[in-house]
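The values are calculated or read from the model by the stated rules, or taken from the named source; none is laboratory data. Predicted model, so just to flag it, every value in this text is computed and none were measured. Because the Cβ atoms are built from the backbone with ideal geometry, glycine has one as well, and the counts that use them run over all protein chains shown.
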Amino acid sequence: MFACIYAREIPKELSLSDFAYAFSPIVEETKPHTVVIDVDGCELLFGSAYQLANEISTRGKQSRVSGGLESTINIAIAANPDVAIHAATRLQGITFVSPGEELTCLGEFPLETLDYSLVSIEQQLAEEMLETLRLWGIRTFGDFASLPVTGVSERLGQEGIQLQQLASGKTERHLKVKQPAPVFAHSIELEHAISELEPLSFIFARLLNQLCAALNSYALATNELLVQLQLQDQTSHVRKLSLPYPMRDHKVFLKLLLLDTEMHPPQSAIRTVSIACEPVNPQVLQNGLFVPLAPAPDKLELTLARLAKLVGEQNIGSPVVLDTHRPDAFSVKRFALVTKELRRRRKSTVIRQSAIDNRQCLGFRMFRPPLRALVQTDQGWPTQISAWSKQRSVYGKVVNLGGPWRTTGDWWRDDRWARDEWDVALESGNKNIGSAVQRTVYRVYRELSSGVWFVEGSYD
């Protein structure tokens with residue numbers, strides 16, 4: 001049995017489909033203001049089909065707060081969904097059509113009200129056939145149903161047979177079920193507040209299993225998890241985990257959430273746990289023929305999370321040069337996966353830049369930390385430099401130089417800088433080559449506040 005719900009005037013902010021889902025999980029949104037539901041199996045909840053129709057009509061008049069539509073609706077119940085649609089759109093109130101009595105209900109309906117879209121016939125063709133039937137003197141559904149099938153087939157073709165079956169209430173089709181919108185958010189309210197990590201891990205695991213099951217059913221992944229904890233002191237604890245790679249492994253998500261909760265514990269006991277995610281398309285990696293490409297994205301993310309717990313989140317990531325004149329200034333940002341589009345954009349930028357600027361540039365090798373140096377000067381100009389460390393040594397006579405270039409900045413901060421920089425060419429003997437002499441260009445600088453000299457690096 002099928003029930004058609006027709007509501008001509010309902011508030012725009014209300015949905016007839018959502019209202020129908022309260023009575024059956026199988027809902028077809030036939031057209032605006034019209035839905036059809038399958039009522040088979042609803043007897044245990046609402047009783048007979050007529051009792052179900054009365055319940056739908058009563059609840060439709062209720063307010064939106066109570067789940068109603070705040071309007072009067074028409075309901076028709078029949079063994080054929082198309083019969084129910086025609087009856088609900090033409091008859092007021094509740095209509096019950098018994099099996100085999102379809103023409104008793106539809107026989108007097110004007111032929112112009114035949115909804116040919118239910119049998120997927122084009123509008124122009126349907127209007128031509130209805131005009132032909134009008135010229136034959138056919139005015140109602142009953143008149144059309146009484147015509148011989150052979151004659152209709154010879155004159156109107158297969159489409160005419162479909163229209164005649166529709167008018168007779170003898171069509172056979174399945175409902176075009178309206179799929180509900182996917183939900184990628186789950187929450188649970190606890191009977192007793194918890195404040196320890198171990199019981200919280202069981203709650204996280206349950207919600208993440210549901211979340212990943214929904215992602216798998218739609219062949220999606222996520223690169224962002226939003227966790228919201230309602231605390232006992234009426235406050236909220238919100239954490240957002242941004243993943244550099246789309247994943248849907250609930251075990252990896254659980255470990256990441258537990259590590260993040262350990263680093264950022266809530267200030268009070270937890271009463272409600274909610275987890276939501278932002279679905280994205282998964283990315284497919286081409287593995288090697290015999291061994292997988294290393295490192296695996298999920299294992300790398302877990303390793304980074306454990307390192308962040310040990311050394312701090314601000315010390316994990318990739319270095320980024322800051323837009324400042326401060327020497328060797330950089331910050332650390334989170335690792336991000338470079339997409340194909342971004343990679344193509346960078347490649348095109350490099351090609352355009354190389355076409356514009358073909359000048360040769362020197363490579364500079366930074367010494368970290370810079371070497372503290374002993375410098376002999378003549379009227380402030382360096383003439384002899386000596387610097388040592390465990391890894392390298394720089395010494396020799398200055399045979400050529402450029403500078404000085406004074407740089408200063410951030411005078412209002414405690415870590416302000418002010419120094420004079422020089423590019424110097426040193427001439428020194430190499431013990432491994434005997435008496436051979438080599439020249440190397442270095443960058444040296446002198447801090448103005450302390451007067452101490454340093455060797456910052458060498459030019460390749």
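Within segment 14-54, being in a loop (DSSP other than H, G, I, E, B) and in contact (Cβ under 8 Å) with a residue 40 or more places away in the chain holds for Leu14, Tyr21, Ala22, Ile26.
The residue of segment 407-439 that is modelled with the lowest pLDDT, among those that are among the hydrophobic types (A, V, I, L, M, F, W, C) and closer than 22 Å to Gly380 by Cβ, is Trp417.
Does Ile203 count as in a helix (DSSP H, G or I), under 16 Å from Gln232 (Cβ atoms) and within 24 Å of the chain's Cα centre (by Cα)? For Ile203, the condition - in a helix (DSSP H, G or I), under 16 Å from Gln232 (Cβ atoms) and within 24 Å of the chain's Cα centre (by Cα) - is met.
Residues are listed down the side, and each one gets a yes or a no for (1) of a type in the set (Val, Ile, Thr); (2) in the same structural domain as Glu28 (by TED's automatic domain parsing); (3) farther than 30 Å from Asp233 by Cα; (4) free of Cβ contacts under 8 Å to residues at least 40 places away in the same chain:
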{"position": "Ser117", "(1), (2), (3), (4)": "no, yes, yes, no"}
{"position": "Glu128", "(1), (2), (3), (4)": "no, yes, yes, yes"}
{"position": "Glu131", "(1), (2), (3), (4)": "no, yes, yes, yes"}
{"position": "Trp136", "(1), (2), (3), (4)": "no, yes, yes, yes"}
{"position": "Thr140", "(1), (2), (3), (4)": "yes, yes, yes, yes"}
{"position": "Arg155", "(1), (2), (3), (4)": "no, yes, yes, yes"}
{"position": "Gln158", "(1), (2), (3), (4)": "no, yes, yes, yes"}
{"position": "Gln162", "(1), (2), (3), (4)": "no, yes, yes, no"}
{"position": "Leu190", "(1), (2), (3), (4)": "no, no, no, no"}
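Could you please let me know if Arg139 is in contact with a strand residue (DSSP E or B) (Cβ under 8 Å, 6 or more places away or on another chain) and of a type outside the set (A, V, I, L, M, F, W, C)? So Arg139 fits the description; yes. Filtering Leu103, Leu69 for residues that are at pLDDT below 90 and in contact with a Leu (Cβ under 6 Å, 6 or more places away or on another chain) leaves a single hit, Leu69.
A residue that is more than 21 Å from Thr34 (Cα to Cα), at pLDDT 85 or above and surrounded by 14 or more Cβ atoms within 10 Å (Cβ to Cβ) occurs somewhere in segment 177-184. Filtered by the rule that a residue be farther than 21 Å from Pro32 by Cβ and in a helix (DSSP H, G or I), segment 84-126 gives Glu102, Leu103, Thr104, Cys105, Leu106, Leu111, Gln124, Leu125.
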